[in-house]
Amino acid sequence: MIEYFLPLQMLCIIQSGTPGPNNIMLTASGKNFGYSRSIPHMLGVVLGFLSLLLVLSLGLITVFNQYPIVQTILRILGSLYLLYLAYRIYFSVNTQDDTKSKPITFLESSLFQYVNPKGVMMAITTISIYTDHANFEFISSFNQGMSLIFLAFLISNILAVLTWTSIGVFFNNFVKSKKAIKIFNGTMAILLVLTIIWINFSII
């Protein structure tokens, strides 16, 4: 079983931990709102993605495979929402001023997982590979493969959200002036836009 789970876990860590929309937004949230106020955002990423895995395992992945237009529509909607979030990050202010900006909520973060182009693609890819029990002697059924995928992504997503939010909190120790905060938020917003472009071109 370790020969199956270890490569799966490493794949999930790499996919969850590399820069992407969730991780960029968590870094910005950690800097602008601190750790405790970012917890709903973090929980939304972890639980929202696990719910996406569940929905895909119940049949949505078949719909995506048979009707690619559905996935294309979701990718477009997700990209537009990411542009909106980039706008929110750019105009975010420091944690002391609650009147101008608020952290992303648990519901927003959870629902975003369903239109996050990177997240949807890595979920489909992982499910397609690691539930193929005909080619993996370590699992005997689709459900067993999905159970291990759930566990692997639970571990990797918790590590990712804690790490990237902590990076943002760490930046808060150095980025104090209004000009520096503006530069930081602008950089995060630009990185998010570049991520949108990269994801769409790599998929196309």
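Throughout, read-outs are computed from the coordinates displayed, never taken from laboratory work. Keep in mind that this is a model prediction, so the values were computed, not measured. Backbone-built Cβ (ideal geometry, glycine too); neighbour counts: all protein chains shown.
Per-structure values
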quantity	calculated
Conditions (1) in a helix (DSSP H, G or I); (2) out of contact with any Leu (no Cβ under 7 Å at 6 or more places or on another chain); number of the one not met by Ile149	(2)
Matching helices (runs of 4 or more DSSP H) fully within the range 9-123 where at least 2 residues are in contact with a helix residue (DSSP H, G or I) (Cβ under 8 Å, 6 or more places away or on another chain), aromatic (Phe, Trp, Tyr) and closer than 24 Å to Ile155 by Cβ	106-112
Residue pairs meeting the criteria (Cβ under 9 Å; at least 6 apart or on separate chains; first farther than 10 Å from Ser16 by Cα, in the range 144-155; second acidic (Asp, Glu))	Gly145/Asp132
Hits in the range 156-185 - residues which are without any contact (Cβ under 8 Å) to a residue 24 or more places away in the chain and part of a loop (DSSP other than H, G, I, E, B)	Asn173, Phe174, Lys176, Ser177
Which listed residue, of Ile73, Ile13, Ile24, Ile39, is without any contact (Cβ under 8 Å) to a residue 12 or more places away in the chain and surrounded by 15 or more Cβ atoms within 10 Å (Cβ to Cβ)	Ile39
